[in-house]
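The values are calculated or read from the model by the stated rules, or taken from the named source; none is laboratory data. The structure presented is a predicted model; accordingly, all values stated were derived computationally and were not measured. Neighbour counts run over all protein chains shown; Cβ positions are idealised from the backbone, glycine included.
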Amino acid sequence: MVQGKILLDTRSKGKKGHPIKIYISGNGSKKYISTGYFSMQEHWRDGVTRKHPNYSHLSTWIKRREFELQQQLNYCNEHGYTLREAVQYIKGKSSPQDEIEMLEKRLRELRGQPTVSLFDFWQQITHERKLASKSTRAFDQTLSQIRKFTDDIPISDITPGWIEGFKAFKYSEGCGDPGVHFYLVTIRTVYYAAARRKLIEDQKPFNGLIPQSVSRKKKVRLSKSDLLRIANYSPSKYAGAARGKAIEQRIAIFLFQIYIGGHDLVDVAGLTWDDVSGGRVSFMRKKIKRGVPVQVDNILLPQAQDIINRHGTPKAKRVFSFIPPHGTEQYEYYRRYYWKALKQMSEKLEITPPLKTKSPRYIFRTWAGDSGANIIHTMQIQGHKPKEETFKYQGRVPNRIVDQVLQQVLQEDV
């Protein structure tokens, strides 16, 4: 059986550092394949670290190459390749599916079919939606993820192989089935738009490759005793001072999300000092379907105020300025490490399923339901806008009433 992985070859070192190579082994022998990339040893820890000067490009390339490598290894083992044969095959960086897709692309070129840029056509679709006063949120978010995954390509190059690679890239970032579904459905919308305009021939590349939109994973159900254990959680003493402080901040932010009514990380990241004045936390909730913001105005409980006192950044405009601004690449990195911190803590505290960045909304909503809270009050606390016809006649409930509900939900034993 042939096995392989991407590693840092510390046996040699040049001006650019140690070479990054593909390591192939089988039948007691091993071979190395050069990738043309290098890294200093301090910038490598089971993969390239964020301190690497070319981290953004290199980390994305490694994820894609690891996915391709696994496909190539599977093919080699299925066909009984020897180590030498496998190395030759992997050096070619191609698979039967890749070869078919390349031949199809060449055939389109010979037939004189036009090559349409994915990014250019995507921007055209976005512009048309803006002119029609339609939301472009899904298209903007999906395009930003595609840009992280690949450079511009012809729309006709969206093939089953490309889709599988994009899925693997998103899964490696901690994205679940609902998120992958969201991105692929948006990509499919653009692909079909190009096919309807006769810019490409519809090859039906998405068939059977889009996961279910509704996660089948069990939602986390936290008890008040679990919440106390989280509040008392301390990082490992081996984490180091800087990393330990970062983990403490992430856990505090998770608790803060619950204490203010179960709100999203993106909204906590955007809070300014004006938003947390007068014993209240007030903001326009951002993560609303169709991009319609809803006003949130909740009481600031002592537990939440304590987190602000301990972790707030009073010299900055935003309350928690150590969270990068939403919409930046740094924010995506922070969210990823935030998720990893929650996952690691869940494992140590034996909380199943593991906590996620979205868990505070589910937790508070569940506690509110179990406490018998009025659905209108809960929706106002969480920044939901009722859609049913009868709710259109319902105005905002006075703060004194919803404040009592929020306090009751978090104080009662559930």
Return the pair list, or none, for Cβ contacts closer than 7 Å from residues in the stretch 242-253 that are in the same structural domain as LEU265 (by TED's automatic domain parsing) to residues that are outside any helix (DSSP H, G or I), at least 6 apart or on different chains. GLY244/PRO235; ILE247/PRO235; GLU248/PRO235; GLN249/PHE322; ILE251/TYR233; ILE253/PHE320
From the option list SER25, SER59, SER12, SER29, single residue qualifying as polar (S, T, N, Q), outside the structural domain of THR150 (by TED's automatic domain parsing), in contact with a strand residue (DSSP E or B) (Cβ under 6 Å, 6 or more places away or on another chain) and farther than 27 Å from PRO160 by Cβ is SER25
Against the definition (in contact with a helix residue (DSSP H, G or I) (Cβ under 9 Å, 6 or more places away or on another chain), within 15 Å of PHE121 (Cα to Cα), polar (S, T, N, Q) and surrounded by 16 or more Cβ atoms within 10 Å (Cβ to Cβ)), how does THR159 come out, yes or no? no
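Collect the residues in the stretch 256-274 that are assigned to a helix (DSSP H, G or I) and buried (at least 18 other Cβ atoms within 10 Å of the Cβ), keeping them in residue-number order.
Kept after step one, since they are assigned to a helix (DSSP H, G or I), are these residues of the stretch 256-274: 256-259, 265-269, 273-274.
If the condition is that a residue be assigned to a helix (DSSP H, G or I) and buried (at least 18 other Cβ atoms within 10 Å of the Cβ), then PHE256, GLN257, ILE258, TYR259, LEU265, ASP267, VAL268, ALA269 are the ones that fit.
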Do we have any residue at all in the stretch 360-376 that's surrounded by 14 or more Cβ atoms within 10 Å (Cβ to Cβ), touching a Pro at 6+ places or on another chain (Cβ under 9 Å), among the aliphatic types (A, V, I, L, M) and free of Cβ contacts under 8 Å to residues at least 24 places away in the same chain? yes
Give me the pairs: first residue in the stretch 152-174 and more than 21 Å from ILE200 (Cβ to Cβ), second residue surrounded by 16 or more Cβ atoms within 10 Å (Cβ to Cβ) and of a type in the set (Lys, Arg), beta-carbon distance under 7 Å, and six or more apart or on different chains, which are they? PHE169/LYS63; PHE169/ARG64; SER172/LYS63
